[in-house]
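Presented below is the structure to which this report refers.
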Amino acid sequence: MSTSSSLFHSVRPTLERLRFALAALLLLPLFVRAAEAPAPTPVPTPVAPSPAPAPIPAPQPATAAQPVELPEVNVTATTVTAERTPTPVSQTGVSVTIISGKEEDEVRQVHDLSETLRQVPGLTVSQAGHQGDFTTLFTRGGNSNQTLLLVDNFKVNRQGGNFDFGHFDPIRTEKIEVVRGPSSSLFGADAVTGAINILSAKGEGRPDLTTSAAGGTFRTDRETLSLEGSEGKFSYNIGASRFNSERTDYINSAVDQLSYAARFDFDFNCDHTLKLIFRGTEFNKGFYEDSATGYGPAVEPQDPNDHIQNDDLLAGLEYKGHILPIWTTTLRVGTYLYNSDNNSRPDNPTSAVAGFAQSTGHTWTHERRPQVDWQNDITAFATCDEKIKDVVTVGADFEDESFHQHDTQFGNNADLSRTDYSIYFQNRLSLYDRAFLTGGVRREQNQQFGEFTTARGDIAILVPESDTKIHGSMGNAFRAPSFFEFFSAFGNPGLTPERNLAYDAGVDQHFWKDRILVGATVFRNNFKDLIDFSLTTSKFSNLKTAESRGLELVGSIDPIKQLTLRSTATFLQSEDQTGAQLARRPNATVTAEAIARPLSGLDLSLSYFHESSRPDLGPAGGNSFARVRNDSYGRLDAAASYRFFCHWRVFGRVQNLTDEHYQDTNTFPAAGANFLGGIEFNWKF
């Protein structure tokens, strides 16, 4: 077994001890008398991708007798990494949505990344069952392996672009940035239709300890423990969560998940900083939804044997230095490790289900990706008042991917590796705080498929007289074939990367002193050389072309200080070269949300989500599939949270309030009405 794999086994006892320590610390509130000092101040709600969104009042976590007035936030200073360098939202020409990690955690009480992403326009989430089950993401009609996932700017997709969004708990997150549109010129392979960046929160202030415990339906419980603060030049933010569900509706469907994250910062001075981040998950579940035919538990008996254990860990170090008044350099060095152990155990006859075709086998997979990124931002020109400013970004990337697999069932054994080198260039020109033009290009050299060049340009034009922003972008992107597509028994060494050429254009408009926002964006993707399995050759081949086009609408209003209303709608048309609609891409997706703060310390949230019918695959007799139509559905969620006695907070969330019967993925029913609620204790030393 490799050194990297041994690392996982060596840290597992430590993680188990952390789990027991978490349970012990959950009893701490019982022995601590609540004081009267103000509770920590939650950050405001997320910022809409617009030139000047209206400030949204944050909860007032103080006693009724001593309300705390929070300062309004200058949202125009909010930055995103959509342009590689921190850029104000109002000045980027790409389509961006920013989500506050604090609001997701405390107000909406969503602790599952896939549920957070359901509210983002242009994104479609497809979950094969309940929370913890395999979950994919489609961005603007692209494939599920064409959205790049970053954590603090480090890549965490599996090789080939795949990622299971069903068990990612974004604990200790400051914000989530969702960029729609091709981003390979900035981040390389796999950012074909978009990129998502999870940014960890930096600790600040006096030591702040928070712990919580919750329970609910499906025999579910969740516990958390976190500590953050700063001391002089050093700051820290550490957290862990455990989620467990002992479901009884299907046998072999229990889920147990431990997630942890840490960020440490050292600010040498205002010009030189160092950041160290860790984020990982230990995930165990009964693979009840597996079957010999691929059908879900709605039509085939559940698997009584299969078990999945996934472990992943990201460790990254970032140095940022302001070398000269015109030059800032950023060096990132990190490693991503992934272990997967899928074990089928048909040796227990008492657990067998009549009619289930049992399988025997054990598949162990280990992936490793060291990565280095050196980025330099240079101010090439600027007037004294910076009304005209030109910033050049140049950098280089290096990745060394390795893939090891041992498969006793199908014989897909592999011990493979490949390196990837990239250089990139970007130029950003600002003109009189009204026009912002950005263009970038990347040249990538891959050990397997050779060289590939990507480029993107975008523009944002602000009209302050009417509070209007006009934006647009155009670029190309690619996805590298996976090791499995290259080298498995069905692999094809002659594969070339999948490609996409895309553009979008839109307008954002504010009214009523920025208290109302409406926005509309049209987009189009043209996919070529999509990789699919050839029935003729029994190999993967570059067989398909496809396109997707659509319209994204966003709107928000703050009618009063204590109420925020938001809504999005996405209308999508997609088709392959035969004219058939792409599977699991609905033509219409609508979301609506209301967040209210009627009393100091009380937060209320009501969310609605609707998907139209969409094509999918269903059983057609034997082990074959046929195209079917998956029904439309609407889901209503509600959450409430109340902070009292400064240190305490009670919370509860009901998902699928109306007990809607639906399925994101055909033959894999989603959860009915379910509840999770609990209590949180916070102490600032």
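Tell me, yes or no, whether the stretch 614-628 has at least one residue that is among the β-branched types (V, I, T) and open to solvent by less than 30 Å² (accessible area, probe 1.4 Å). Spell out the reasoning first.
We begin by selecting, within the stretch 614-628, every residue among the β-branched types (V, I, T); these are 628.
Applying the additional criterion that residues be open to solvent by less than 30 Å² (accessible area, probe 1.4 Å) yields none.
No - not one qualifying residue is present in the stretch 614-628.
List the number of the failed condition for A460; all other conditions in (1) within 19 Å of A195 (Cα to Cα); (2) in contact with a Ser or Thr (Cβ under 8 Å, 6 or more places away or on another chain); (3) in contact (Cβ under 8 Å) with a residue 60 or more places away in the chain hold.
Evaluating A460 over (1) within 19 Å of A195 (Cα to Cα); (2) in contact with a Ser or Thr (Cβ under 8 Å, 6 or more places away or on another chain); (3) in contact (Cβ under 8 Å) with a residue 60 or more places away in the chain leaves (1) as the failure.
Return the residues of the stretch 422-436 that are touching a residue at least 60 places away in the same chain (Cβ under 8 Å) and either within 23 Å of T383 (Cα to Cα) or among the basic types (K, R) (or both); say none if nothing qualifies. Let's see the steps before the verdict.
To start, the set of residues in the stretch 422-436 that are touching a residue at least 60 places away in the same chain (Cβ under 8 Å) comprises 422, 424, 426, 428, 430, 436.
Within the stretch 422-436, Q426, R428, S430, F436 meet the criteria.
Mind checking whether some residue in the stretch 165-180 is under 27 Å from G652 (Cβ atoms), open to solvent by less than 10 Å² (accessible area, probe 1.4 Å) and aromatic (F, W, Y)?
yes
How many of the residues making up the stretch 140-160 are open to solvent by less than 10 Å² (accessible area, probe 1.4 Å) and closer than 25 Å to R172 by Cβ?
The number of residues fulfilling the criteria is 9.
Looking at S235, S212, S230, can you tell me which residue is more than 30 Å from S344 (Cα to Cα), open to solvent by less than 30 Å² (accessible area, probe 1.4 Å) and free of Cβ contacts under 8 Å to residues at least 40 places away in the same chain?
Sole residue among the options that is more than 30 Å from S344 (Cα to Cα), open to solvent by less than 30 Å² (accessible area, probe 1.4 Å) and free of Cβ contacts under 8 Å to residues at least 40 places away in the same chain: S235.
If a residue must be over 19 Å from G132 (Cβ atoms), among the hydrophobic types (A, V, I, L, M, F, W, C) and part of a strand (DSSP E or B), how many such residues does the stretch 187-212 contain? If you could, list the steps in order and put the result at the bottom.
Keep residues of the stretch 187-212 that are over 19 Å from G132 (Cβ atoms), which gives 187-197, 199-212.
Restricting the remaining residues to those that are among the hydrophobic types (A, V, I, L, M, F, W, C) gives 187, 189, 191-192, 195-196, 199, 201, 209.
Imposing the further condition that a residue be part of a strand (DSSP E or B) reduces the set to 195-196, 199, 209.
So the count comes out to 4.
Out of the stretch 513-537, which residues are of a type in the set (V, I, T) and farther than 18 Å from T139 by Cβ? Spell out how you get there, then give the answer.
Here is the first cut: in the stretch 513-537, the residues of a type in the set (V, I, T) are 516, 518, 521-522, 531, 536-537.
Listed by number, the residues that qualify are I516, V518, T536, T537.
Exactly one of these conditions fails for N412: (1) more than 28 Å from the chain's Cα centre (by Cα); (2) open to solvent by less than 30 Å² (accessible area, probe 1.4 Å); (3) at pLDDT 95 or above; (4) not acidic (D, E). Give me its number.
Status for N412: all satisfied but (3).
Would you check if T281 is part of a strand (DSSP E or B), open to solvent by 20 Å² or more (accessible area, probe 1.4 Å), touching a residue at least 24 places away in the same chain (Cβ under 8 Å) and not hydrophobic (A, V, I, L, M, F, W, C)?
Working: part of a strand (DSSP E or B): yes; open to solvent by 20 Å² or more (accessible area, probe 1.4 Å): no; touching a residue at least 24 places away in the same chain (Cβ under 8 Å): yes; not hydrophobic (A, V, I, L, M, F, W, C): yes.
When the stated conditions are applied, T281 does not pass them.
Restricting the stretch 443-498 to residues that are within 26 Å of A82 (Cβ to Cβ) and β-branched (V, I, T), which is least open to solvent (accessible area, probe 1.4 Å)?
Only one residue fits best here, namely T454.
So G579 clears everything in (1) surrounded by fewer than 17 Cβ atoms within 10 Å (Cβ to Cβ); (2) in contact with a Lys or Arg (Cβ under 9 Å, 6 or more places away or on another chain); (3) assigned to a loop (DSSP other than H, G, I, E, B) except one condition, right? Which one?
For G579, the failing item is (2).
Taking the stretch 538-550 as the region of interest, how many residues are under 16 Å from G142 (Cα atoms) and at pLDDT below 95?
Taking the stretch 538-550 and keeping what is under 16 Å from G142 (Cα atoms), we get 542-550.
Retained after the next criterion (residues that are at pLDDT below 95): 542-544.
Count: 3.
What do you reckon, is T293 within 25 Å of F165 (Cβ to Cβ) and in contact with a strand residue (DSSP E or B) (Cβ under 9 Å, 6 or more places away or on another chain)?
On the way: within 25 Å of F165 (Cβ to Cβ): yes; in contact with a strand residue (DSSP E or B) (Cβ under 9 Å, 6 or more places away or on another chain): yes.
The answer is yes for T293.
Quick test for you: out of L565, L572, L606, pick the one residue that is assigned to a strand (DSSP E or B), under 30 Å from A128 (Cβ atoms) and open to solvent by 60 Å² or more (accessible area, probe 1.4 Å).
On the way: L565 fails: under 30 Å from A128 (Cβ atoms); L572 fails: open to solvent by 60 Å² or more (accessible area, probe 1.4 Å).
After applying the criteria, what remains is L606.
Has the stretch 238-258 got any residue that is part of a strand (DSSP E or B), on the phi < 0 side of the Ramachandran plot, in contact with a Ser or Thr (Cβ under 7 Å, 6 or more places away or on another chain) and open to solvent by 40 Å² or more (accessible area, probe 1.4 Å)?
yes
Filter the stretch 486-535 down to residues that are within 30 Å of R418 (Cβ to Cβ), acidic (D, E) and over 26 Å from the mean Cα position of the chain (by Cα), then give me how many there are. Lay out the reasoning, then the answer.
Step one: list which residues in the stretch 486-535 are within 30 Å of R418 (Cβ to Cβ), which gives 486-502, 525-535.
If we keep only those that are acidic (D, E) too, we end up with 498, 529, 532.
From what is left, the residues that are over 26 Å from the mean Cα position of the chain (by Cα) are 529.
The total comes to 1.
Can you give me the number of residues within the stretch 362-386 that are under 22 Å from Q159 (Cβ atoms) and open to solvent by 50 Å² or more (accessible area, probe 1.4 Å)?
Here is the first cut: in the stretch 362-386, the residues under 22 Å from Q159 (Cβ atoms) are 362-373.
Cutting the leftovers down to open to solvent by 50 Å² or more (accessible area, probe 1.4 Å) gives us 362, 364, 368, 372.
Residues meeting the conditions: 4.
So F436 fits all but one of (1) part of a strand (DSSP E or B); (2) within 30 Å of N343 (Cβ to Cβ); what number is the exception?
(2)
The values are calculated or read from the model by the stated rules, or taken from the named source; none is laboratory data. Remember, it's a predicted structure, so these values are computed and weren't measured experimentally. As a convention, Cβ positions derive from the backbone with ideal geometry for all residues, glycine included, and neighbour counts pool all protein chains shown. Side chains included, ligands, DNA and RNA excluded: accessible areas come from the protein's heavy atoms. Shrake-Rupley method; radii C 1.70, N 1.55, O 1.52, S 1.80 Å.
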